[in-house]
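The values are calculated or read from the model by the stated rules, or taken from the named source; none is laboratory data. Just so it is clear, the structure is predicted and the values come from calculations on it, not from any experiment. Positions of Cβ are generated from backbone atoms using ideal geometry, with glycine treated the same way; all protein chains shown enter the neighbour counts. Keep in mind that these areas ignore ligands, DNA and RNA; they rest on the heavy atoms of the full protein, side chains included. Shrake-Rupley method; radii C 1.70, N 1.55, O 1.52, S 1.80 Å.
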Amino acid sequence: MEIGERIWCSPRQSYLRPVPARLGVTARGRSRRLERVLTDFGCEQAFVRAAASVREHYGFEIGTSAVRTATLKHAQRAQEKLQETYREPFRLLPAQGAEQVIAEADGTMICTVEAGPRQGKRPRDWKEMKLVAAQAKDSATTIYAATFGSVEDAGQRWGHCARQAGWGLDSQIHVVGDGAEWIRRQTQEVFQSQGSFLCDFFHVSEYLGAAAVVCRPGQPDSWRRIQQKRLRRGAVQKVMEALEPHRETKGTAEEDTPVQNSYRYLHNRLDALDYPRALGLGLPIGSGMIESGHRHVLHARLKKAGTAWLRQSADQIAHLRVLRANGRWLDLWN
């Protein structure tokens, strides 16, 4: 809709615009509904593509900067809303909860740049963003949280995810991860006696696959499958014995010691290889939940080809996408 207006003047004021004041609109102003549309598109697509989507679906043009401004404005609101939740204690648990809660965590690298005037190509700096997730067994609902912060900050958010997913005083927390020390430590600190950590089976298999080329050069895939079957039935010691004769000598460069790397990885995580228990309870032995979360929560927007973010903006967009992934999008607008 287009409205023509007449500009007025008076003895005291040379520029009067009564129509905008009467209608309650301002130049370059945006209604709440339009801001919701811009945030919706800007949350999922590059800002240039989002502006094109507005043109395609609503029939008018709007600047890329307007999409960016609206998206980051409401991304900041999403960040504040989630941080308000994270400030609450997560250990206030109900007496009864889900019997088994699956919890996973992992980090991903986000390309960032420093703020300031642009003088040529600004140097890129890769920062780790930690993503944590929790889901009750047999549930299709996953709760996520993301942070650039410390491992303790990630652990606190992990606790909130688990509580929202159904963690109760009678629950068991089944944690699957790639064996990173910070994930194992946070499993102990956050979930304490209720938590049990399991190394991601497919991550372990990558180590065995690299060692198989040395242990059985003629049939590496067959050797790897044998060791995987042994792990599934709990025969970890047999896997260690199969690796033992082929361990490289001391002084060999680490990149040339696939057998030693595999042996050391398993030996340092013997308490996190109880695959028979997980399989018997119908629990996952791979970290597919968090890998999927990386792709559709973070990577789909923050890791588009050629993209680099101000750290603050990336953090805000991550919170906005977490809010949407957790089914709380309407909370931002109601």
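Against the longest alpha carbon principal axis of the chain, how many degrees, from 0 to 90 and to the nearest 10, is the axis of helix 47-58 turned?
60 degrees
Helix 151-165 versus the longest principal axis of the chain: what is the Cα-based angle in degrees, 0 to 90, to the nearest 10?
80 degrees
Can you compute the radius of gyration and Dmax for region 32-144, using only the Cα atoms, both in Å?
Cα only, region 32-144: 19.2, 59 Å (Rg, Dmax).
How much accessible area per residue does region 112-216 have, counting only protein heavy atoms and a probe of 1.4 Å, in square angstrom?
Working: 4640 Å² over 105 residues.
Result: 44 Å² of accessible area for each residue.
Rounding to the nearest 20 debye, state how big the charge dipole of region 255-334 is about its Cα centre with +1 on each Lys and Arg Cβ and -1 on each Asp and Glu Cβ.
Values: 11 positive and 7 negative charges, 87 e Å.
Charge dipole of region 255-334: 420 debye, to the nearest 20.
Run the dipole for the chain about the Cα centre, Lys and Arg Cβ at +1, Asp and Glu Cβ at -1, nothing else charged, and hand back the magnitude in debye, nearest 20. Walk me through the numbers on the way to the answer.
Working: 49 positive and 37 negative charges, 270 e Å.
Dipole about the Cα centre, nearest 20: 1300 debye.
Would you kindly calculate the mean projected area, averaged across all directions, of the convex hull enclosing the Cα atoms of the chain, in square nanometres? Mind dumping the intermediate values first?
Numbers: hull surface 101.7 nm².
Projected over every direction and averaged, the Cα hull of the chain covers 25.4 nm².
In region 241-307, how does Rg compare with the Kirkwood Rh, expressed as the Rg/Rh ratio over alpha carbon atoms? The partial results should precede the final answer.
Working: Rg = 18.2 Å, Rh = 15.6 Å.
My calculation puts Rg/Rh at 1.17.
Which links in 73/304; 229/303; 130/238; 81/130; 81/303; 137/229 stretch past 27 Å when you go from one Cα to the other? Walk me through the numbers before you get to the answer.
On the way: 73/304 21 Å; 229/303 36 Å; 130/238 35 Å; 81/130 19 Å; 81/303 24 Å; 137/229 24 Å.
Pairs exceeding the cut-off: 229/303; 130/238.
At 222 nm, what helix-only mean residue ellipticity would the chain give, in deg cm²/dmol to the nearest 500, using -39500 (n - 2.57) for each DSSP H run of four or more? List each step's numbers first, then the result.
Numbers: 13 runs with 148 residues, N = 334.
Only helices count here, giving -13500 deg cm²/dmol.
Residues with beta-carbon under 15 Å from that of residue 169, excluding residue 169: net charge, scoring Lys, Arg +1 and Asp, Glu -1? Walk me through the numbers before you get to the answer.
Values: positive: 91, 163; negative: 99, 170.
Once positives and negatives cancel, what remains is 0.
Would you mind classifying region 146-194 by shape? Square roots of the alpha carbon gyration tensor eigenvalues, ordered a ≥ b ≥ c; an a/c under 1.5 is rounded, otherwise it is prolate if a/b is larger than b/c and oblate if not.
Numbers: a/c = 2.02, a/b = 1.34, b/c = 1.51.
Oblate, because a/c is 1.5 or more while a/b does not exceed b/c.
For the chain, give the percent of accessible area contributed by carbon and sulfur heavy atoms, probe 1.4 Å, rounded to a whole number. Provide the component values of the computation, followed by the final result.
Working: 8840 of 18220 Å².
In the chain, the share of accessible area belonging to carbon and sulfur is 49 percent.
Given an 8 Å cut-off on Cα distances and at least 6 residues of separation, report the relative contact order of the chain as a percent.
Averaging sequence separation for qualifying contacts and normalising by length gives 19 percent for the chain.
Sum up the charges of everything whose Cβ sits under 12 Å from the Cβ of residue 158, counting Lys and Arg as +1 and Asp and Glu as -1, but leave residue 158 out.
Numbers: positive: 130, 157, 163, 185; negative: 104, 106, 152, 153, 189.
Residues near residue 158 contribute -1 overall.
Quick one: angle between helix 201-215 and the longest Cα principal axis of the chain, in degrees between 0 and 90, rounded to 10, please.
50 degrees
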